[in-house]
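Everything below concerns the one structure shown next.
The values are calculated or read from the model by the stated rules, or taken from the named source; none is laboratory data. What you are looking at is a predicted structure, and each value in this text was computed from that prediction instead of being measured. Virtual Cβ from ideal backbone geometry, glycine too; neighbours counted across all protein chains shown. These area figures cover heavy atoms from the full protein model, side chains too; ligands, DNA and RNA do not enter into them. Shrake-Rupley method; radii C 1.70, N 1.55, O 1.52, S 1.80 Å.
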Amino acid sequence: MIRFENVGMRYGAGPEILRDITFTLAPGSFHFLTGPSGAGKSSLLRLLYLAYRPSRGLIHIFDKDLATTPREKLPILRRKIGVVFQDFRLLDHLSAFDNVALPLRISGVSEKQVQKYVSELLDWVGLTHHINAKPRTLSGGQKQRVAIARAIISRPKLLLADEPTGNVDDEMGVRLMYLFQELNKHGTTVLIATHSQHLIDHFGHPVMHIEDGTLEVPASASGLKRYQSMEESV
Amino acid sequence: MARTDHLPLSTDPSTKLMPWLVGFLVFIAVLATSGSMLLTGLADMWDKGLSGSVTIQIPPLEGDSEVETTAKTENILEAVQKTQGLGEVRLLPNTEIIELLSPWLGENINPENLPLPKLIEAEIDNLEAVDFEELNRRLRAISPGAIVDSHDVWRDHMIGLLNILRLVGLSVVALVTLSGVIMVVFATRGGLVAHNEVIEVLHLIGARDSFIARQFQSHVFWAALKGAVIGAILSFGVIWGLAEMANNLTGDSNLSTLPGLDTTQLVILGFIAPIASFIAMYAARRTVLTTLQKIM
Ligand SMILES: Nc1ncnc2c1ncn2[C@@H]1O[C@H](COP(=O)(O)OP(=O)(O)OP(=O)(O)O)[C@@H](O)[C@H]1O
Ligand SMILES: [Mg+2]
């Protein structure tokens, strides 16, 4: 479903931050992404959620070659991707409710359903009493939960989360991870960047490790079989 | 339920100014348009010759006796009376001619010493029906020196002047529209820069450019409409005030001869405010769409 081949990335004219990134994510898979600070985890996720184009290499997302996908088609792809940004990126002028409702409203879901889904999900992440609060008045952990709710409200095909449990205690961290598990059970492909060994040990999903711009992948993400058969067919 | 503003545009300094600027521009546009309309009415009025009359001069011919001149004048009077499109015809008595000439020749003119021309005045009932060339030919046949003065030249000059003024009025409207559009374009670009982080998040969540454009559009439309309505109302106030002043100056007796604005023209003036708001909305939309096109 997701395939990277020899992908390189740089910001502007700067040095190459990511080098020769090659991996595949099978539909319905669940991976962690680890690596030291500054290794390039967030940058890799940015490529995945279509915020940047790679400076070289091939990216297939939902079996579409990104290089040949016209700009007008990107919103449709992005609507299938839920993102928890490392810095949340909540809209400060909107309430918690309106922030979470955003993806649904953008896709034109009826207001009646928006009310129902958003209330339910905010209940589940324990923010019933902060529905009308502006992000500025929320704690770090509360903001994080709003950001997670916004990422999963439209049941994306691909969920990308950048340190989604960095600001909550372990108990809440595990609770939020169950949300991702639940989504994953319904078919969502999940990739979570985290520093937390606790989470990795607790859930035991395969780990992709990035260090100094290059990626080591577990067998589950190497796409080895497919890659080899392609080599042969060339 | 109130629609959610997905961009906090109402607090932007650049868009806060918009109602005022649009209001000012619409104020000017309504004044200029109504001025053009009044001038059009005036030009039409003169063109139709509502105030028109025609004067025929018959200079005394060298060697013609008094009797001959009188006879020719009688013939000309008859010919003028038979001319289509002319109304009441009157031969001006000598005393009136002397009165007309006195500014140039002084009070004490002796008609015995000065050969006075004969003057015939005819009201124009229907200008289009009058064939001035034919009239001229017929009168010349009777008396070669006869001159038909239909005030054409003067009228044409005035109408030419009015047309220039009308053009000036329309240019003002065009310029005001252009500056309004430029203002909206810059305000919108400023808004796009100021909110680029929010716009990026909206994009990443899957918003199309048109979704973001709609935020700007509706905001600009309502801001512009607010200013435009106020500007139009003020403008109507000024027009009404000027009309009152004009009526007081010319006196009530002349009121009916001043061209006013008819209902159609008033409706057109009333439409300027909403039209301006739609133009502003469209300018904002185009700006957003073309600017966003340049980013991923
Ligand atoms: N917008 C940017 N412009 C230029 N350089 C950037 C930008 N964002 C990140 N970088 C650089 O790219 C490299 C990788 O950064 P990235 O944020 O991807 O690391 P990370 O693995 O997510 O780190 P952390 O664990 O601290 O979040 C760093 O050297 C960083 O300085
Ligand atoms: Mg990071």
In Å, what Rg and Dmax follow from the Cα atoms of region B:60-144? 14.5, 41
What is the helix-to-structure angle for B:209-250, meaning the angle in degrees between its Cα long axis and the longest Cα principal axis of chain B, kept from 0 to 90 and rounded to the nearest 10? 30
With the dipole of region A:107-194 worked out from charges on the C-beta (+1 for Lys and Arg, -1 for Asp and Glu) around the Cα centre, which of A:T189, A:L122, A:V109 lies farthest toward the positive end? A:V109
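My understanding is that a pair violates if its Cα-Cα distance is over 21 Å; which of B:K226/B:K294; A:K157/A:K185; A:K73/A:K157; A:K64/A:K157; A:K73/B:K294; B:K72/B:K118 do that in this structure? Please report the intermediate quantities before stating the final value.
Numbers: B:K226/B:K294 32 Å; A:K157/A:K185 11 Å; A:K73/A:K157 16 Å; A:K64/A:K157 14 Å; A:K73/B:K294 15 Å; B:K72/B:K118 10 Å.
Long pairs (Cα-Cα over 21 Å): B:K226/B:K294.
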Antiparallel DSSP bridges in the protein assembly as shown: what percent, to the nearest 5? 65
Rounded to the nearest 100 Å², what is the buried accessible area between A and B, both sides summed, probe 1.4 Å? 2200
To test your reading of the geometry: what angle, between 0 and 90 degrees and rounded to tens, separates the Cα axis of helix B:263-292 from the longest principal axis of chain B? 40
Among A:G141, A:P206, A:V100, whose Cα lies farthest out toward the positive end of the dipole of chain A, if unit charges sit on the beta carbon of Lys, Arg (+1) and Asp, Glu (-1)? A:V100
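Restricting things to alpha carbons, find the Rg to Rh ratio for region A:81-155 using the Kirkwood radius for Rh. Don't skip to the answer; put the middle values down first.
On the way: Rg = 11.0 Å, Rh = 11.9 Å.
Answer for region A:81-155: 0.92.
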Dipole size in debye (nearest 20) for region B:190-289 around its Cα centre, Lys and Arg Cβ +1, Asp and Glu Cβ -1? 360
Per residue, how much space in cubic angstrom lies within the convex hull of the C-alpha atoms of region B:5-105? 208
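Based on the Cα coordinates of region A:1-109, what is the per residue volume of their convex hull in Å³?
Numbers: hull volume 15.8 nm³, N = 109.
Roughly 145 Å³ of hull volume per residue.
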Alpha-carbon gyration tensor eigenvalues x 5, square-rooted, for chain B, Å: 67, 18, 15
Peptide ranges A:48-61, A:156-169 listed from the most packed, as the mean C-beta count within 10 angstrom indicates: A:156-169, A:48-61
Once the Cα atoms of helix A:111-124 and of chain A are each reduced to a long axis, what angle between those two axes, in degrees from 0 to 90 to the nearest 10, is obtained? 90
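Provide a whole-number value for the mean count of partner chain Cβ atoms within 10 Å of the Cβ atoms in peptide A:66-77.
2
What's the average, rounded to a whole number, of partner chain beta-carbon atoms within 10 Å of each residue's beta-carbon in A:89-95? Show your work: numbers first, answer last.
Details: counts 6, 1, 10, 3, 10, 6, 1.
That works out to 5 on average.
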On the accessible surface of the protein assembly as shown, probed at 1.4 Å with all protein chains in place, carbon and sulfur together account for a percent value of 58
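Using the Cα centre of the protein assembly as shown as the reference point, and only Cβ charges (+1 on K/R, -1 on D/E), how large is the resulting charge dipole? Debye, rounded to the nearest 20.
With Lys and Arg at +1 and Asp and Glu at -1, about 4140 debye.
Please report the equivalent ellipsoid semi-axes of chain A, computed as sqrt(5 x eigenvalue) of the Cα gyration tensor, largest first, in whole Å.
Working: eigenvalues 183, 78, 58 Å².
For chain A, the ellipsoid semi-axes come out as 30, 20, 17 Å.
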What ranking, highest mean first, results for peptides A:99-105, B:176-182 when packing means the other Cβ atoms within 10 Å averaged over each residue? A:99-105, B:176-182
Averaged across the residues of B:204-217, what count of C-beta atoms belonging to other chains lies within 10 Å of each residue's C-beta? 5
Charge dipole magnitude, Cβ of K and R +1, D and E -1 - chain A, Cα centre, debye nearest 20: 940
Could you point to the residue in B:G231, B:A280, B:S210 farthest towards the positive end of region B:169-296's charge dipole, with +1 and -1 charges on the Cβ of Lys/Arg and Asp/Glu respectively? B:S210
Along each of its three principal axes, how wide is the spread of alpha-carbon positions in the protein assembly as shown, in whole angstrom units, largest first? 134, 58, 38
